[in-house]
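The values are calculated or read from the model by the stated rules, or taken from the named source; none is laboratory data. Bear in mind that the values here come from a model prediction, so they are computed numbers and not experimental data. Cβ coordinates were reconstructed from backbone atoms using ideal geometry, including for glycine residues, and neighbour counts include every protein chain displayed.
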Amino acid sequence: MPAAPADLAWPFFDEGHRAFVPQLERWIADELPALLEGSEDSLDACYACVQRLVRALGKAGLLRACVPVAYGGLRENFDVRSVALARETLARASGLADFALAMQGLGSAPVTLFGSEAQKAALLPGVAEGRTITAFALSEPDAGSDVAAMSATAQRLPGGGWRLDGVKTWISNAGIADHYVIFARSGEAPGARGISAFMVGAKTPGLDASERIPVIAPHPLGLVKLNDCRVGDEALLGEPGQGFKIAMGTLDSFRTTVGAAALGFARRALDEAVRRAHARQMFGKTLADFQMTQQKIGQMAVSIDASALMVYRAAWTKDVQQVRVTREASMAKLYATEAAQTVIDGAVQLFGGLGVVQGSVVERLYREIRALRIYEGASEVLELIVGGRILQDARPQR
């Protein structure tokens, strides 16, 4: 079961959350295996699979977790707990299924959180129904963790509208997205204060998202090139110069859900390790009979429970207390992804040679977990964020 009953009994969740997870589990059991068939045959097949998954998740009503109820969603406001539960549950079954749902949320969250009513009405119903695939285009070749180093430009045009130029990289859903939220330097102030965010359709002249980036756990990923890409004033999200605020506000919510995906990967790795420990015969015993195995399984279980508590504390704090959770979300994402890497590595070790055979579950998990320690805040950057927040909060008054 992707989310253990003891977890759903925690006070972090309400009855709506507890009803949502079984619905998702039924869809995983009944629909997901057929949707994933052939997805590992080629990169083209992988891209096609994600498109199928988005449509199927939308048809099943599961993408409603990503948008507010006014636009076809599940809850009155964007609900981090719903997305986190969905990501944990899906990641335990399939990294691609988790990706398909997560990117719908990440690509539309800037509009959910900061868009006008007209912008929300134009985008969010299609996201919830799986008709519109979204992407979040923030990173650049020389501006990943350091967003203030962004060089893509947004120039106001004399007759109205904006001209966008530059290159975005590591963009998930590049090439299959119908809609991109693109961040560019508009120049209202130096550094991060001079960045704005724009809603840009995939067919807008001057936008090219055809170049792919192959990675160890294949999924749609590529470059977005902007060359004299012109959009109207209605494409601007929020006010000019608010792009950094929009990006960080989005990541405040979604960093927590990355930790939830890592939690799903780790739970699956523990399940596989336990099954292997009981099945593997060694020296007249099973692997589970050895104290070293018991110790390893115990370490895995403790890490997983600690990750779950941090992830859902951050999600609950954001949803219920409606406050910024930069520190809590950073801690949850940092700990859960690092812990999942250790848990999965331990599962591979328990499988021995079979653990590195291409196509085995733990081998796939080993490839899938690695990127989570980098995107939406590399572990080292998150350590700086957490430490900086603690020191700032404890700064003596002068």
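Structure notes:
- Single match in ALA189, ALA177, ALA217 (criterion: over 23 Å from PHE244 (Cα atoms), in a loop (DSSP other than H, G, I, E, B) and among the small types (Gly, Ala, Ser)): ALA217
For (1) in contact (Cβ under 8 Å) with a residue 12 or more places away in the chain; (2) touching a Gly at 6+ places or on another chain (Cβ under 6 Å); (3) over 30 Å from LEU57 (Cβ atoms); (4) not in a loop (DSSP other than H, G, I, E, B), each residue gets a yes or a no:
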{"residue": "LEU106", "(1), (2), (3), (4)": "yes, no, no, yes"}
{"residue": "THR112", "(1), (2), (3), (4)": "yes, no, no, yes"}
{"residue": "PHE136", "(1), (2), (3), (4)": "yes, yes, no, yes"}
{"residue": "GLY159", "(1), (2), (3), (4)": "no, no, yes, no"}
{"residue": "ASP165", "(1), (2), (3), (4)": "yes, no, yes, yes"}
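- Filter result for the condition that a residue is in contact (Cβ under 8 Å) with a residue 24 or more places away in the chain, surrounded by 14 or more Cβ atoms within 10 Å (Cβ to Cβ), among the β-branched types (Val, Ile, Thr) and over 26 Å from MET310 (Cβ atoms), over VAL83, VAL54: VAL54
- Remark: ARG92 falls outside the filter, which requires a residue to be assigned to a helix (DSSP H, G or I), surrounded by fewer than 24 Cβ atoms within 10 Å (Cβ to Cβ) and not β-branched (Val, Ile, Thr).
- Test: VAL361 is touching a residue at least 24 places away in the same chain (Cβ under 8 Å), surrounded by 15 or more Cβ atoms within 10 Å (Cβ to Cβ) and within 19 Å of ASP98 (Cβ to Cβ): yes
- Check on PHE13, among the aromatic types (Phe, Trp, Tyr) and either within 27 Å of ALA197 (Cα to Cα) or in contact with an Asp or Glu (Cβ under 9 Å, 6 or more places away or on another chain) (or both): yes
- Qualifying position, being in contact with a helix residue (DSSP H, G or I) (Cβ under 6 Å, 6 or more places away or on another chain), under 23 Å from ARG370 (Cβ atoms), at pLDDT 95 or above and among the basic types (Lys, Arg), among ARG64, ARG81, ARG92, ARG52: ARG92
- Only one of the numbered conditions (1) touching a strand residue (DSSP E or B) at 6+ places or on another chain (Cβ under 6 Å); (2) among the aliphatic types (A, V, I, L, M); (3) more than 23 Å from ALA209 (Cα to Cα) is violated by ALA118, and that is (1).
- Test for LEU263: is it in contact (Cβ under 8 Å) with a residue 40 or more places away in the chain, part of a strand (DSSP E or B) and aliphatic (A, V, I, L, M): no
- For segment 266-294, filtered to residues that are part of a loop (DSSP other than H, G, I, E, B) and hydrophobic (A, V, I, L, M, F, W, C), the residue that is surrounded by the fewest Cβ atoms within 10 Å (Cβ to Cβ) is PHE283.
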